[in-house]
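All remarks here apply to the structure that follows.
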Amino acid sequence: MLVLGLETSCDETSAALVRDGVQVLSNVIASQAALHARYGGVVPEAASRMHVERMLYVLQDALQQADCTLPDVDAIAVTNRPGLLGALLVGVSAAKALAQTLHKPLVGVHHLEGHIYSAFLAEPQLQTRFPLLALVVSGGHTMLLRMEGHGEYALLGTTRDDAAGEAFDKGARLMGLPYPGGPQIARIAAAETPNSRLFPRSWMGDTLDFSFSGVKTALRQYIQRSGGGIPLPLLAAEYQEAIVDMLVNTTERALQRTGIQTLCLVGGVAANQRLQQKMQNMASARGVHTVTPQTLLCTDNAAMIAAAGTFTLQRKGSDPLSMDTFAAQNLVTKPANNTYRSERASI
Ligand code: KG4
Ligand code: ZN
């Protein structure tokens, strides 16, 4: 089955062709980072407009690179939730127009489910390794999920305030680095060895939740008080290390509690080399297999949307052309009674 994926939820315009949910034939991504950098963050209206300008070119490139034409496509998958509403509508409108004119099925994909399925693109054999533990770390979300099978998720932990990507982006801004901050911090921190534990690591008690607002405030206070302090690359490395430690620590406790043997590290922040390295070390010491997609599949892209869409189509069928678009929608909500705590076996 050949699926065309479209992704426009934030500031990347992307189209991809994926065969059978696992084989990427093309994955074209037009980033708007340069446009938004001058404002220090994504400007929603400007993002929508640029998606409109670029969508057709990106689609044409994706078809060309995959060496196929629109009639070859069996279905169209598009991110329809969550994201910037105006931006999402561009991709959804394009997908609906294609589905209607080509008489092909349409399927709406949850953006975070797309991120999870980037791991299946990296390692198709994951389908035989359920249950999986997924750490989803993006610009707007930080979540630990237990995945029992295709489309079956249980939320184990989430952030109480900022997402990990947000902590990177806001921290970078405090350090005077341009948007998007995560890759900038990673770049200047790469040659440094953090060792002072300059910044606090939050501890959310018995839960598997995260909190990143404290480390951001600590950074702001450090910059205000020290009036310079340590060199910027080392400061970036210390800050990155605090975020990485919190992610690795809580993920380790989740592995301990659930006994899950396969870990997927996905979302834009998963592109962070230091996070990958420390997560790998922790997981391999526990005998846990880790899957981290290559950078282009970690950050926003349409191949992951096509992959998730393929499995959704097989499981639930297509969506009507009246399919809606949602700025906010949880992939899964945390059980009110915190039943995930009953998995506390070995801690
Ligand atoms: O998944 P993503 O591309 O978009 C959302 O769904 O939000 O994630 C974007 C986030 C941004 O916060 C960006 O700063 C962060 O991922 N990011 C990184 C790195 N590359 C992207 N954070 C740390 N290190 C990186 N190398
Ligand atoms: Zn994303």
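The values are calculated or read from the model by the stated rules, or taken from the named source; none is laboratory data. Just so it is clear, the structure is predicted and the values come from calculations on it, not from any experiment. Cβ: placed from backbone, ideal geometry, glycine included. Neighbour counts: every protein chain shown. With ligands, DNA and RNA removed, areas are computed over all heavy atoms of the protein, side chains included. Shrake-Rupley method; radii C 1.70, N 1.55, O 1.52, S 1.80 Å.
General remarks:
- Comparing T258, L25, T310 along the charge dipole axis of the chain, the residue lying farthest to the positive side is T258, per the Cβ-charge model.
- The C-alpha atoms of the chain define a longest principal axis, and helix 232-258 lies at about 70 degrees to it.
- Computed from point charges on the beta carbon alone (+1 for Lys and Arg, -1 for Asp and Glu), the dipole magnitude for the chain about its Cα centre is near 860 Debye.
- Percent carbon-and-sulfur accessible area, the chain, ignoring ligands, DNA and RNA, probe 1.4 Å: 51
- Taking the longest Cα principal axis of the chain as reference, the axis of helix 164-174 is set at about 60 degrees.
- Accessible area (Å², per residue) of region 148-262, counting only protein heavy atoms and a probe of 1.4 Å: 42
- Region 3-72, accessible area per residue, ligands and nucleic acids excluded (1.4 Å, Å²): 46
- Sorting the segments 85-91, 114-120 by their residues' average number of neighbouring beta-carbon atoms within 10 angstrom, most packed first, yields 114-120, 85-91.
- One chain, two ends: R173 and Q221. Fully extended at 0.36 nm per residue, the span grows by 15.9 nm beyond their Cα-Cα distance.
- Length gained on full extension, D324 to S213: 36.7 nm, using 0.36 nm per residue less the C-alpha separation.
- Given their separation in residues at 0.36 nm each and the Cα-Cα distance between them, E45 and Q64 gain 3.9 nm when the chain is fully extended.
- Region 178-306 - Kirkwood radius from inverse mean 1/r over Cα pairs (Å): 15.9
- Antiparallel %, DSSP beta bridges [both residues in the chain], to 5: 60
- Eligible lysines near K104 by straight Cα distance, threshold 23 Å, same-chain separation 8 or greater: K96, K316
- When +1 charges are put on Lys and Arg Cβ atoms and -1 charges on Asp and Glu Cβ atoms, the dipole computed for region 135-233 relative to its Cα centre reaches about 500 debye.
- Cα Rg, Dmax (largest Cα-Cα span) when computed across the chain, Å: 20.0, 63
- A protection proxy built from the mean count of other Cβ atoms within 10 Å ranks the segments 326-332, 173-179, 302-308, 18-24, most packed first, as 302-308, 18-24, 173-179, 326-332.
- Ranked by how many other beta carbons lie within 10 Å on average, peptides 55-63, 265-273 from highest: 265-273, 55-63
- J(HN,Hα) series, region 92-97, from Karplus relation 6.51 cos²θ - 1.76 cosθ + 1.60, nearest Hz, glycine and proline x: 5, 5, 4, 5, 5, 4
- For region 8-77: Kirkwood Rh in Å [reciprocal of mean 1/r, alpha carbons]: 13.0
- Cut-off 19 Å (backbone N to label point 7 Å along Cα→Cβ of Y57), residues of region 297-325: 301-302
- Amide hydrogen proximity for L156: with H placed 1.01 Å from N in the peptide plane, the residues at 5 or more positions away or on another chain lying under 5 Å are L144, L145, R146.
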